[in-house]
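Everything below concerns the one structure shown next.
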Amino acid sequence: MSARPKSIVILTGAGISAESGIDTFRDAGGLWERHSVYDIATPEGFARDPDLVLRFYDERRAGLAKVEPNAAHLALGRLEAEFAGDLLLVTQNVDDLHERGGFVDVCHMHGELRSALCTSCGTRSPWEGPMRDRPPCPVCKAPTLRPDVVWFGEMPYHMDRIEDALAACDLFVSIGTSGAVYPAAGFVSQARAMGTRTLELNLEPSEGTAIFHQARHGAASRLVPEWVEEVLKG
Ligand code: APR
């Protein structure tokens, strides 16, 4: 990209964690090919069959112990440490690979696998183990924990912070996301409407690829370190 950015918003999706061994949602063989979105990722699905939903997220939470951040996560961790301007990393991912890649202040708009939400008292608590045996909420003791993951039909987290950063940034970068799920899929249009430069880094053209000023296609583990190097060199 041309001018040196002073304020950057980065949006990441499942594609940045794919090379770490975490399944994406919409690629061939992705999670939504093997599971019904309605069953697994809606409040109605949870009400109908909580055991199925708790087991699904318990398995994904346990799976985090078997994966490591890749070069793309590490490069963004380096960017946070070394970039002199404003930087907001918004992720749709519920894994913790950005944190383990060194990024400290990650904005998890779709929640986190390693967090529990109590449906009785509303408290969000750090959570490592399974939930299928209905453990008590650490705060109110009710056995009413659910995954602290934003399901379809629910409001994503941190929208005020994200909207403010989008309005103020001079570069918006989207990494490893298909652009199929709103509101995140709309960030590029919002940024462009404010005159912000926009860049896509994705394995293949996303649904919104034509909206970006520039799109680079390839593996995140290659494209992201290259781009971070460019930004830090200025
Ligand atoms: N490097 C870069 N991009 C990749 C790689 C890779 N190694 N592997 C896959 N991708 C790209 C795919 O080409 C695809 O465009 O990552 C994208 C993944 O898209 P999705 O599976 O749709 O994931 P995401 O965009 O994060 O999904 C958004 O949908 O179901 C919900 O809540 C869930 O947060 C998720 C949201």
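Shown in residue order for segment 186-197 are the 3J(HN,Hα) couplings computed by the Karplus curve 6.51 cos²θ - 1.76 cosθ + 1.60 at θ = phi - 60°: x, 4, 5, 5, 4, 4, 4, 4, 8, x, 7, 5 Hz (x for Gly and Pro).
Note on Lys233: lysines with a C-alpha under 18 Å away, same-chain residues under 8 apart excluded, are Lys6.
Rounded, prolate or oblate for segment 3-67? Axes are the square roots of the Cα gyration tensor eigenvalues, ordered a ≥ b ≥ c, and the cut-off for rounded is a/c under 1.5. In terms of gyration-tensor shape, prolate. Ordering of 33-42, 203-212, 90-99, 103-112 by packing is 90-99, 103-112, 203-212, 33-42, highest average first (other Cβ atoms within 10 Å, averaged per residue). Cα centroids of segment 6-65 and segment 181-234: 22 Å apart. The packing ranking of peptides 121-129, 5-13, 161-169, highest mean first, is 5-13, 161-169, 121-129, where packing means the average number of other beta carbon atoms within 10 angstrom of each residue. Measuring from centroid to centroid over Cα atoms, what is the spacing of segment 95-110 and segment 147-161 in Å? Each part's Cα centre sits 16 Å from the other's. Most tightly packed first, judged by the mean number of other beta-carbon atoms within 10 Å of their residues, the peptides 185-194, 80-89 read 185-194, 80-89. The helix-only estimate of mean residue ellipticity at 222 nm for the chain, built from DSSP H runs of length n ≥ 4 each weighted as -39500 (n - 2.57), is -9000 deg cm²/dmol after division by the residue total. Spin-label model, Arg161 to Arg124: label points 7 Å out along the Cα-to-beta-carbon direction sit 0.8 nm apart.
Database note for the chain: Cys without another Cys beta carbon under 4.7 angstrom, Cys107, Cys169.
Shown for segment 29-186 is the translational diffusion coefficient from the Stokes-Einstein equation, using the Kirkwood radius over Cα pairs, a temperature of 20 °C and a viscosity of 1.002 mPa s: 126 µm²/s. For Glu226 and Ser189, a Förster radius of 22 Å and the Cβ-Cβ distance give a FRET efficiency of 0.30, rounded to the nearest 0.05.
Considering only Asn93, Ala168, Pro136, the residue lying farthest towards the positive end of the dipole of the chain is Pro136, judged by Cα position with unit charges set on Cβ.
Counting only protein heavy atoms, what percent of the accessible surface of the chain is carbon or sulfur at a 1.4 Å probe? Carbon-and-sulfur percentage of accessible area, whole number: 53.
The values are calculated or read from the model by the stated rules, or taken from the named source; none is laboratory data. No experiment lies behind these values; they were computed from the predicted model shown. So basically every Cβ, Gly included, is an ideal-geometry build from the backbone, and we count neighbours across all protein chains shown. Surface areas here come from the heavy atoms of the whole protein model, side chains and all, with no ligands, DNA or RNA. Shrake-Rupley method; radii C 1.70, N 1.55, O 1.52, S 1.80 Å.
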